[in-house]
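Asks: Take a look at this one; I'll ask things after.
The values are calculated or read from the model by the stated rules, or taken from the named source; none is laboratory data. Keep in mind the model is a prediction, meaning the values are calculated, not measured. Ideal geometry is used to build each Cβ from the backbone, glycine not excepted, and the neighbour counts take in all protein chains shown. Please note that ligands, DNA and RNA were not included when accessible areas were found on the heavy atoms of the full protein model with its side chains. Shrake-Rupley method; radii C 1.70, N 1.55, O 1.52, S 1.80 Å.
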Amino acid sequence: MGLDLCALREKARDGGDQQHQASLAGASLMPGFIYSSPAMTSVVEELHKIRSSDVTVLVTGESGTGKELVARAIHAVSSRRSKVFVPFNCNAVPKELTEGYLFGYRRGAFTGAVSDSPGVIRSATGGTLFLDEIGDLPLDVQPKLLRFLQEGEIQPLGEQRPIKVDVRIIAATNTDLERMVER
């Protein structure tokens, strides 16, 4: 694919037809993406439209389809590209500990909290937080996450006041969230 792309670029440089030049222009919209299908062209065009916005993005698709690659590409072309990209898999942490991992906690908030922890959200301040497998987030954590998404503030465990944070969220799932909500 890489050699084909080089050959197409050479052909375009030498005055190739307009269609080849148009496809090459699209291929350069997202760093690290090499594609030729109309479906991927559409995806890349959509991603390019949101690059200058801080909207929350939900990426859906089957396992292994490159959802994290899409999230990293969005971050790489956004105004936050010079800041940190923090991936967090909602399945990788036991459900009982998810709230502490996401929102952080104060020393003494619970048994074993021997020091303050900023949490994943504050660790991504100024940058992008990628929440993978968001559909598996425990129900009791979802209201706190919703408040963060709406108000841009979190309240770590044991903290008396909310803390403002500036983080862009990109979430991904391989489950049908609309069907889960209907149920």
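Asks: Going by the alpha-carbon gyration tensor, a ≥ b ≥ c the square roots of its eigenvalues, is the stretch 86-173 rounded (a/c under 1.5) or, if a/c is not under 1.5, prolate (a/b greater than b/c) versus oblate?
Replies: Cα axes put the stretch 86-173 in the oblate bin.
Asks: Given H placed 1.01 Å from N in the peptide plane, which residues other than close sequence neighbours of residue 171 have an amide H under 5 Å from its amide H?
Replies: Those qualifying (amide H under 5 Å, at least 5 residues apart or on another chain) are 57, 58, 59, 131.
Asks: Would you please put 83-90, 100-107 in order of how densely packed they are, using the mean number of other Cβ atoms within 10 angstrom per residue and starting with the highest?
Replies: Those peptides, ordered most packed to least, come out 100-107, 83-90.
Asks: In addition: Residues of the stretch 78-183: accessible area per residue at 1.4 Å, in Å²?
Replies: With all protein chains present, the stretch 78-183 gives 58 Å² per residue.
Asks: Can you find, among 131, 145, 86, the residue sitting farthest towards the positive end of the charge dipole of the stretch 37-183, where Lys and Arg contribute +1 and Asp and Glu -1 at Cβ?
Replies: With unit charges placed on the Cβ atoms, the residue in question is 86.
Asks: Determine how large the accessible area of residue 120 is when every protein chain is in place; take a 1.4 Å probe and give Å² rounded to the nearest 10.
Replies: The accessible area of residue 120 comes to roughly 20 Å².
Asks: How much accessible surface area, in Å² rounded to 10, belongs to the heavy atoms of residue 41 with a 1.4 Å probe?
Replies: Roughly 40 Å² of residue 41 is accessible to a 1.4 Å probe.
Asks: Under 27 Å from the Cα of residue 67, which lysines turn up, not counting those fewer than eight places away in the same chain?
Replies: Partners found: 49, 83, 95, 144.
Asks: Rounded to the nearest percent, how much of the accessible area of the stretch 36-103 (1.4 Å probe, protein heavy atoms only) is carbon and sulfur?
Replies: Carbon and sulfur atoms account for 54 percent of the accessible area of the stretch 36-103.
Asks: Out of every Cα pair in the stretch 58-114, what percent are spaced more than 12 Å from each other?
Replies: Considering the stretch 58-114, 76 percent of its Cα-Cα pairs are separated by more than 12 Å.
Asks: Amide H to amide H, which residues 5 or more places from residue 105 or on other chains are under 5 Å from it, using H placed in the peptide plane?
Replies: Those lying under 5 Å, H to H, from residue 105 are 117, 119, 157.
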